[in-house]
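Where a number appears in this text, it was derived from the coordinates with a stated rule and is not lab data. In this text, all values refer to a predicted model and were calculated from it rather than measured experimentally. Glycine also receives a Cβ, built like all others from the backbone with ideal geometry; neighbour counts cover every protein chain displayed.
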Amino acid sequence: MIGKLHSVVIDCPEPRALARFYSELLGLPVVRDDEGWATIEGDGGRNRFAFQKATNLREPQWPDPQRPQQFHLDVLVDDVDAAETKVLALGATRLPGEGDDFRVYADPTGHPFCLVWES
């Protein structure tokens, strides 16, 4: 092992707003909120997501290969219908595509993520 994962950093135009979105989605508190950078974390820092200001971000367009997703998060839920209602209320958008155990969404900045469940 060379190192340990410190955090997943997501570029976005408004770090504070996207941190609040993922704070609600994942139940992790916002622990840092500076100009151009916000962080949420839990489990003593083992689950850390940072949001970095990127003013000229060219957001992904699902499922357009010319503007690929670049990364995505899979969020495990018990009840996908209840979870969908909540993420849409937070500002997510439902995207085309789903399977037997996942549905695809975009966060308020356009980054895709999936709600997944055990089928």
**Complete:** Summing -39500 (n - 2.57) over every DSSP H run of at least 4 residues in the chain and dividing by its residue count gives a helix-only mean residue ellipticity at 222 nm, to the nearest 500 deg cm²/dmol, of -6000 deg cm²/dmol
**Complete:** Given Cβ charges of +1 for Lys and Arg and -1 for Asp and Glu, the option among S119, V80, A92 whose Cα lies farthest towards the positive end of the dipole of region 63-119 is A92
**Prompt:** Using a Gaussian network for the chain with springs between C-alpha atoms less than 10 Å apart, which of these wobbles most: A82, A92, A54?
**Reply:** A82
**Message:** Around D79, under 14 Å between beta carbons, what's the net of Lys plus Arg minus Asp minus Glu among the other residues?
**Reply:** -3
**Fill in**
Scoring only Lys, Arg, Asp and Glu (+1, +1, -1, -1) among other residues with Cβ under 14 Å from the Cβ of Y22 yields -2
**Complete:** Subtracting the Cα-Cα distance of H72 and I2 from 0.36 nm times their residue separation yields 22.8 nm
**Request:** Find how many whole Å separate the alpha carbon centroid of region 45-94 from the alpha carbon centroid of region 21-37.
**Result:** 14
**Request:** Only Cα pairs under 8 Å and at least 6 apart count here; give the relative contact order of region 1-56 as a rounded whole percent.
**Result:** 42
**Asked** From the backbone phi of region 67-83, what are the Karplus-calculated ³J(HN,Hα) couplings (6.51 cos²θ - 1.76 cosθ + 1.60, θ = phi - 60°) in whole Hz, Gly and Pro given as x?
**Response** 9, x, 5, 6, 6, 7, 9, 9, 10, 6, 10, 7, 10, 5, 5, 5, 5
**Asked** So how strong a dipole does region 1-56 carry about its Cα centre when Lys and Arg Cβ are +1 and Asp and Glu Cβ are -1, to the nearest 20 debye?
**Response** 180
**Prompt:** Where does the charge balance sit around P112 when Lys and Arg score +1, Asp and Glu -1, over other residues with C-beta under 15 Å from its C-beta?
**Reply:** -3
